[in-house]
1. About its Cα centre, how strong a charge dipole does the chain have in debye, to the nearest 20, once Lys and Arg get +1 and Asp and Glu get -1 at the Cβ?
2. Just subtract the alpha-carbon distance of Thr135 and Asp35 from 0.36 nm times their residue separation and send over the number in nm, one decimal.
3. Wrap a convex hull around the Cα atoms of region 178-329, take a quarter of its surface area, and give that in square nanometres.
4. Percentage of Cα-Cα pair distances in region 189-269 greater than 16 Å, rounded to whole percent?
5. Suppose we look only past 18 Å in the calculated P(r) of region 91-230. What percent of the Cα-Cα pairs does that tail hold?
6. If each residue of separation counts as 0.36 nm, what is the full-extension length gain between Thr199 and Thr237 once their alpha-carbon separation is subtracted?
7. Find which of Ala193, Asn136, Thr292 sits farthest along the positive direction of the dipole of the chain, computed with +1 on the beta-carbon of Lys and Arg, -1 on that of Asp and Glu, about the Cα centre.
8. Excluding residues fewer than 8 places away in the same chain, name every one of the aspartates and glutamates whose C-alpha is closer than 18 Å to that of Lys85.
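Since every read-out is calculated from the coordinates, none of them should be taken as a lab result. None of the values given here were measured: they were computed from a predicted structure. Cβ coordinates were reconstructed from backbone atoms using ideal geometry, including for glycine residues, and neighbour counts include every protein chain displayed.
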Amino acid sequence: MQWSSKRWAVILGVVGIVAVGTQFFGKTTDVQGTDNPVVGIVQIAQHPSLDEANRGFVAALQEAYPAKAITIMQENAQGEQSNLKAIAQRFVSQNVHLIGAISTPAAQTMANETATIPIVGTAVSDYESAKLVKTNATPGTNVTGTSDRTPEAEQVQLLQRLLPTAKRVGIIYNSGEINSELQAKSFVTAAQAEGLSVTEATVSNVNDLAQVAQALCGRVDVIYVPTDNVIASALPTLINVTNAARIPVIGAAASYVREGALAALSVDYYQIGYRAGKMAVKILKGNAQPQTLAIELPAAQAPLISRSAANTLGITIDGELAKTAQLCD
């Protein structure tokens with residue numbers, strides 16, 4: 001039977017569509033035990049918590065691969081969403097074997113750009129709420145990683161033990177970060193369950209922080225700050241305002257205490273970064289796939305309390321709390 005040129009054209013067209021479909025709609029890239037991996041690491045902004053997570057992530061990679069056997073590309077978006085998108089496109093075009101995404105916005109942007117390159121996140125509060133995975137237990141996507149979320153009810157308990165007379169609580173966060181909104185909602189529920197009144201204040205960038213904080217100080221006895229990339233990158237600005245008003249700040253990151261906050265119930269960011277790096281190694285060596293690698297939750301930590309901040313604000317640290325907390329100057 002003779003085949004017309006038109007029929008051949010139809011068949012070749014179908015083959016081309018199948019090939020394109022395989023490239024763009026296939027499953028997560030199988031790295032199959034890559035011996036010389038190229039890993040792209042992206043950080044939303046520079047601040048101590050994320051820097052520690054980055055350092056832990058890299059340490060885990062370097063433990064598994066000799067220096068000459070792995071290429072690590074470091075990128076920092078400087079807090080700009082447009083930079084995140086450009087970095088994601090660069091990683092995809094350079095065919096990296098895996099992406100390490102530090103923070104929720106970084107992980108979301110990477111996932112929006114590629115559904116095939118494995119992405120391991122860290123310093124992400126809730127992957128499921130951020131729509132990065134189907135469930136935290138079974139991701140079902142090309143994304144997995146470690147969480148930095150601490151239970152908000154425990155944050156409220158710390159606040160009450162440190163400041164038993166405080167009844168009016170303010171919470172300040174970036175309304176543009178889904179992880180911050182999630183923490184704020186949970187914190188408000190936990191605080192109200194304890195009979196506390198809560199006033200929420202939001203910012204969209206660091207330029208709003210001083211003015212919003214000043215307005216909030218006049219309405220509350222204490223301010224709580226969740227893990228939030230905008231606030232964290234400008235925490236000294238917040239502390240300058242709150243110290244002037246003699247309003248204590250309690251947060252969800254240890255770095256906040258080092259920059260002037262009174263206390264924090266925080267995860268160890270180096271450790272969650274390190275654990276994420278170990279997950280990345282499993283994927284790179286072909287021993288796991290992100291679709292079935294459950295999100296890891298952080299280990300419990302003792303509260304961190306600043307003696308110098310307590311002295312500045314005239315606050316006495318409860319003796320029983322002092323026995324179980326980490327105290328710093």
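1. So the magnitude is around 760 debye.
2. Stretched out fully, the Thr135 to Asp35 stretch lengthens by 32.9 nm.
3. 10.9 nm²
4. Counting every Cα pair in region 189-269, those more than 16 Å apart make up 49 percent.
5. Here the long-distance tail beyond 18 Å is 59 percent of all Cα pairs in region 91-230.
6. Fully extending the segment from Thr199 to Thr237 adds 11.7 nm.
7. So the residue furthest toward the plus end is Thr292.
8. The reachable aspartates and glutamates, counting only those whose Cα sits under 18 Å from Lys85, are Glu75, Glu113, Glu177.
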